[in-house]
Amino acid sequence: MKRFHLLTAFMVLFPAFLFAGEGMWIPMLLQYNEKEMQEMGMKITAEDIYSINHSSLKDAIVLFGGGCTGEIVSDYGLLLTNHHCGYDYIQKHSSVEHDYLTNGFWAMNRGEELPCPGLSVIFLREMRDVTERVLEGVNIDTPEAERQAKIDENIKKIVAATEKETKYKVSIKPFFLGNEYYLLLNEVYTDVRLVGCPPSNIGKFGGDTDNWVWPRHTGDFSIFRVYADKDGHPAVYDKDNVPYKPAKHLDISLKGAEEGDFAFVFGYPARTNEYLPAVAVDQEANLIDPIMVDLRGKVLDIYNKYQEQDPKVRIQYASKHAGLGNGWKKWMGVTEGINHFHGVEKKHEYEGRFYDWVMQSRSRYMYANLLKDFKQSYKELEPYELAYTYMAEAGLRIELVSFAGRFVRLLDVTKDTPQEDIDRILYQLKGTSASFFKDYYEPIDREVAAMLLKEYLKAQPADFRPDFLNDIKDVDEYVDKLFAKSMFTDEAKVNELLDDFKPNKVKKLANDPALKIYQSLIGFYRNEVYSHISSLNNDIDRLRRIYMKGQMEMEPEKRFSPDANFTLRVTYGKVEGFKPQDGKTFRHFTTLEGIMQKENPDIYDYVVEPRLKELYNNKDYGRYADKDGTMHVAFTASVHTTGGNSGSPILNAEGQLLGLNFDRCWEGTMSDLIYDPDICRNISVDIRYVLFIIDKFAGAGHLIDEMTIVE
Ligand code: ARG
Ligand code: GLU
């Protein structure tokens with residue numbers, strides 16, 4: 001069989017240049033980018049970044065908590081990541097007496113560090129190309145089901161064989177939409193302790209107002225430490241564990257970065273889709289995203305109205321607001337960016353060229369129908385995607401309904417269910433219920449429910465609605481009744497049910513109107529939507545895999561980078577500002593001055609700590625000041641990043657730490673679909689600001705003493 005594995009072969013033969021900035025590169029193949037990186041200013045080698053023969057920068061990078069990136073900055077396992085990545089663990093340790101979220105936390109010695117059960121960090125020890133072995137026995141004509149079965153079988157064999165020769169965790173992941181496969185050897189450390197974090201008005205300064213936006217002034221960092229057993233191996237928490245000694249920790253530069261300087265990010269980007277056909281980009285950017293933006297925008301308006309009226313409600317809805325608002329703002333940026341950049345038209349042009357290329361040779365028969373098939377599949381998918389979107393964003397967004405949904409587990413209880421099973425469910429539901437009511441404000445939910453149900457009815461045709469919607473005559477009356485009749489608005493009633501639950505109460509529970517709505521939504525999805533979505537997506541995955549192969553064959557001289565898939569990647573570009581629109585130019589950095597300009601004691605997101613003001617007034621920046629004399633806070637660069645890159649180190653030409661990546665500018669969030677070097681910028685907090693806060697603000701200079709600082 002002729003194996004398809006173009007990437008490596010063609011890259012050696014025809015090294016060519018992409019837009020600087022674009023692409024998320026596989027570290028073990030970085031030698032193919034080395035020349036370009038060095039031409040852009042890099043002073044180190046690909047081997048310095050990733051090597052399996054000696055220590056390299058990769059030994060300092062971890063997947064943090066399953067969703068972010070972290071980096072080791074001392075020989076004692078000291079780790080930096082974002083504040084928003086450590087948030088959950090900081091919150092878990094916070095109480096009214098010890099409010100670390102509000103006031104920050106600093107362990108002044110190792111004994112004061114706080115264990116974080118459930119938190120792990122993962123080191124990549126080695127990566128191997130196993131494409132040939134995974135695809136053994138399949139070819140372009142192998143029927144899809146057979147193909148997948150064969151691949152699964154091959155993967156199982158390879159993993160089993162590798163497990164025998166290694167102590168590491170073995171996994172295999174598809175790259176290039178299943179055209180290539182790589183094996184990963186990982187080591188997972190589970191004793192990770194909280195060492196320090198700034199108060200939220202530094203770590204989350206600007207809050208959701210500034211989220212995704214430049215100019216930015218967020219000190220988005222937190223500090224942890226990885227512990228190991230005496231031999232440096234992973235171990236469950238034990239007070240006798242010792243700080244993990246990495247093969248390599250990152251050096252920290254105090255020089256800062258100038259406009260135009262080479263910079264790279266090393267971390268764990270989660271998901272991108274750069275090779276979608278035009279029809280899919282159009283569907284996402286111009287149909288689905290705007291609906292989600294519209295619905296969430298309306299929900300957020302209602303939250304805002306009540307949050308402004310009452311400080312208690314403001315806190316109750318802060319985290320919900322942050323969650324909804326993060327997607328809302330990002331998707332707005334995606335649509336704006338795709339249209340501004342003429343992304344769909346550009347994809348169409350490209351597809352025109354692809355089609356011409358296919359038609360030039362009979363041997364390209366397998367690509368002949370691709371674009372037509374894409375159109376057909378996405379068209380068929382559309383009504384189901386819409387149905388799903390409304391179910392999730394309109395139906396389940398009603399808090400009462402999704403809360404009631406948590407109780408469906410009780411509906412299966414009968415006289416014969418063992419009491420201990422029932423007790424376990426009741427115990428969990430008590431926890432769910434307590435945290436629900438702590439942050440529930442009924443007037444908000446009532447108004448949201450009425451608004452969303454009207455939107456749902458307006459948008460979805462009768463045969464794409466769950467049954468309950470078709471039974472509604474007047475939404476306002478319906479909502480009034482729902483909130484009056486459901487027990488799930490009333491904590492006392494819910495507690496009564498949980499404290500004194502008997503199987504004979506199931507019938508009454510099943511009749512609760514909120515639970516019935518939940519059942520109707522989920523039933524509709526299960527019976528009418530899911531099977532279509534999953535079978536259409538299987539078709540689409542196949543088409544995308546073949547299209548990817550075709551694109552690589554058409555442009556053998558181009559270097560392709562595989563879509564992000566939560567594996568370690570290197571991305572690089574320059575430190576630079578940008579012009580988001582005509583007449584508007586952004587400088588690449590912000591300073592402490594900007595924090596003072598934004599300060600507003602009446603707006604939660606813009607409160608400034610007195611201690612920070614004092615340092616500012618005395619210009620007490622020590623060695624952390626820029627050579628221009630100011631305190632730099634954040635900076636932008638043209639480096640291709642996405643979710644999961646939060647906490648990733650951004651490094652200079654020498655491979656020294658310049659800052660921590662934490663966001664993108666929303667004008668460029670379309671970079672998950674199409675990267676445009678003119679407007680896609682990532683945002684990082686300047687490492688000098690991080691050190692300044694640790695040292696001058698918190699007085700935790702002992703942490704700095706552990707680090708390697710390059711002046
Ligand atoms: N936008 C960043 C990301 O996607 C930061 C989110 C956390 N910050 C916030 N203000 N909600 O994850
Ligand atoms: N804040 C994002 C994260 O948590 C990174 C921003 C982005 O999507 O680029 O991963």
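Glu163 to Lys493: extension gain in nm, 0.36 nm per residue of separation minus the Cα-Cα distance?
Values: separation 330, 0.36 × 330 = 118.80 nm, distance 5.28 nm.
That pair, Glu163 and Lys493, stretches by 113.5 nm at full extension.
Please report, to one decimal in angstroms, the Kirkwood hydrodynamic radius of region 582-711 built from all distinct Cα-Cα pairs.
Working: mean 1/r = 0.0615 Å⁻¹.
Kirkwood radius, region 582-711: 16.3 Å.
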Compactness of region 427-477, expressed as Rg and Dmax over alpha-carbon positions, Å: 14.8, 41
- line: Out of Ser319, Thr218, Tyr365 - ranked by how far each Cα lies towards the positive end of the dipole of the chain, with unit charges on the beta-carbon of charged residues - the top one is Tyr365
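For region 55-103, state the semi-axes of the equivalent ellipsoid (square roots of 5 times the eigenvalues of the alpha-carbon gyration tensor), sorted largest first and rounded to whole angstrom.
Values: eigenvalues 140, 27, 10 Å².
Square roots of five times the eigenvalues give 26, 12, 7 Å.
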statement: Calc'd 3J(HN,Hα), region 341-356, phi into Karplus 6.51 cos²θ - 1.76 cosθ + 1.60 (θ = phi - 60°), Hz, glycine/Pro = x, comes to 8, 6, x, 5, 4, 5, 5, 4, 4, 4, 5, x, 5, 4, 4, 4
- request: Rounded to whole Hz and in sequence order, give me ³J(HN,Hα) for region 553-562 from the Karplus expression 6.51 cos²θ - 1.76 cosθ + 1.60, θ = phi - 60°, writing x for Gly and Pro.
  value: 6, 5, 10, x, 7, 8, 8, 9, 10, x
statement: In nm, the gap between the two label points placed 7 Å beyond Cα toward Cβ at His702 and Asp301 is 5.4 nm
- request: Divide by every residue of the chain the summed helix terms, -39500 (n - 2.57) for each DSSP H run of at least 4, and state the resulting mean residue ellipticity at 222 nm, rounded to the nearest 500 deg cm²/dmol.
  value: -13000 deg cm²/dmol
- request: Mind checking region 432-497 for trypsin sites (Lys or Arg not before Pro) that DSSP puts in a loop (not H, G, I, E or B) and that have at most 13 other Cβ atoms within 10 Å?
  value: Lys473
- request: Determine the shape class of region 299-439: with a ≥ b ≥ c the square roots of the Cα gyration tensor eigenvalues, call it rounded for a/c under 1.5, and otherwise prolate if a/b is greater than b/c, oblate otherwise.
  value: oblate
- request: No other cysteine beta carbon under 4.7 Å away is the test; run it over the chain and list who passes.
  value: Cys116, Cys197, Cys665, Cys680
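Decide, for region 588-657, between rounded, prolate and oblate: order the square roots of the alpha carbon gyration tensor eigenvalues as a ≥ b ≥ c, take rounded if a/c falls under 1.5, and otherwise choose prolate if a/b is larger than b/c, else oblate. It would help to have the intermediate numbers written out before the result.
Numbers: a/c = 2.58, a/b = 1.43, b/c = 1.81.
In terms of gyration-tensor shape, oblate.
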- request: Report, please, the projected area of region 115-267 averaged over directions, based on the convex hull of its C-alpha atoms, in nm².
  value: 14.7 nm²
message: For a protection proxy built on the mean count of beta-carbon atoms within 10 angstrom, sort 291-304, 61-74 highest first, please.
response: 61-74, 291-304
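If Asp445, Asp208, Asp582 are ordered by their accessible area, calculated over protein heavy atoms with a 1.4 Å probe, which sequence runs from highest to lowest? Intermediate values should be presented prior to the final figure.
Numbers: Asp445 0, Asp208 45, Asp582 155 Å².
Descending accessible area places them as Asp582, Asp208, Asp445.
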- prompt: What figure in square angstrom, to the nearest 10, would you give for the accessible area of Ser433 with a 1.4 Å probe?
  reply: 0 Å²
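Quick check: residue separation of Glu47 and Arg133 times 0.36 nm, minus the Cα distance between them. What number comes out in nm?
Values: separation 86, 0.36 × 86 = 30.96 nm, distance 2.58 nm.
Length gained between Glu47 and Arg133: 28.4 nm.
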message: If you count only protein heavy atoms and use a 1.4 Å probe, how large is the accessible surface of Leu254, to the nearest 10 Å²?
response: 10 Å²
statement: The distance between the Cα centres of region 198-259 and region 603-656, in whole Å, is 14 Å
statement: D (µm²/s, integer) via Stokes-Einstein for region 475-617, Kirkwood Rh across alpha-carbon pairs, 37 °C, 0.692 mPa s: value 138 µm²/s
- request: Express in Å², to the nearest 10, the accessible area of Trp106 obtained by rolling a 1.4 Å probe over the protein heavy atoms while all chains stay in place.
  value: 40 Å²
statement: Note to self: C-alpha centroids of region 271-333 and region 478-504 sit apart, in Å, by 30 Å
- line: Using alpha-carbon coordinates alone, the radius of gyration and Dmax of the chain in Å work out to 26.8, 76
task: Per residue of region 457-468, in order, report the coupling 6.51 cos²θ - 1.76 cosθ + 1.60 (Karplus, θ = phi - 60°) as ³J(HN,Hα) in whole Hz, putting x for Gly and Pro.
output: 4, 5, 8, 9, x, 3, 7, 10, 10, x, 3, 4
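Going from most exposed to least, what order do Glu180, Glu351, Glu447, Glu614 have by accessible area with a 1.4 Å probe?
Numbers: Glu180 0, Glu351 20, Glu447 60, Glu614 95 Å².
If we order Glu180, Glu351, Glu447, Glu614 from most to least accessible, we get Glu614, Glu447, Glu351, Glu180.
Net charge around Tyr572, counting only other residues with Cβ within less than 12 Å of its Cβ (Lys, Arg = +1; Asp, Glu = -1)? Mind showing how you got there, number by number?
On the way: positive: Arg569, Lys574; negative: Glu22, Glu34, Glu36, Glu39, Asp261.
Net charge around Tyr572: -3.
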message: If I take R0 = 41 Å and measure r between the Cβ atoms of Val506 and Lys619 in this structure, what FRET efficiency does the formula 1/(1 + (r/R0)^6) give, to the nearest 0.05?
response: 0.05
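Mind listing which trypsin sites (Lys or Arg not before Pro) in region 243-289 are in a DSSP loop and have 12 or fewer other Cβ atoms within 10 Å? Before the final figure, lay out each step's value.
Working: sites: Lys248, Lys255, Arg271; in loops: Lys248, Lys255, Arg271.
Within region 243-289, the qualifying trypsin sites (Lys or Arg not before Pro) (loop, at most 12 other Cβ atoms within 10 Å) are Arg271.
The values are calculated or read from the model by the stated rules, or taken from the named source; none is laboratory data. Quick caveat, the model's predicted, so the values are computed rather than measured. Every residue, glycine among them, receives a Cβ derived from its backbone with ideal geometry; neighbour counts consider all protein chains shown. Keep in mind that these areas ignore ligands, DNA and RNA; they rest on the heavy atoms of the full protein, side chains included. Shrake-Rupley method; radii C 1.70, N 1.55, O 1.52, S 1.80 Å.
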